[in-house]
Amino acid sequence: MRVTKITSVVVLIIYAFLWVIELHGATQLLPILAIPPILVILVAGGLGIQRFLGIKPRKQHFQEPESKDETAE
């Protein structure tokens, strides 16, 4: 859990640094830096519409792999 938090903070700092570089004239970074906020908006919008319509999220169904010992018999 600690590594995940540290990684998240480092990635956020790098992302903010790239926005600073973009605001100081590196305009070719704008399309790349715009992708994460756009994806967040799309996912949040989709989830909001599902909740508004009353659609329940699907439950994940995992199938246990057959053990090799049982198939060898």
Subject >> Condition broken by Val40, with the remaining ones in (1) modelled with pLDDT under 90; (2) within 15 Å of the chain's Cα centre (by Cα) satisfied >> reply: (1)
Original post:
Quick one: how many residues across the range 26-50 are farther than 15 Å from Tyr15 by Cα, surrounded by 11 or more Cβ atoms within 10 Å (Cβ to Cβ) and aliphatic (A, V, I, L, M)?
Top reply: 1
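The values are calculated or read from the model by the stated rules, or taken from the named source; none is laboratory data. Just so we're clear, the structure is a prediction, and the values are computed from it rather than from any experiment. When we count neighbours, we look across all protein chains shown, and the Cβ atoms used for this are built from the backbone with ideal geometry, even at glycine.
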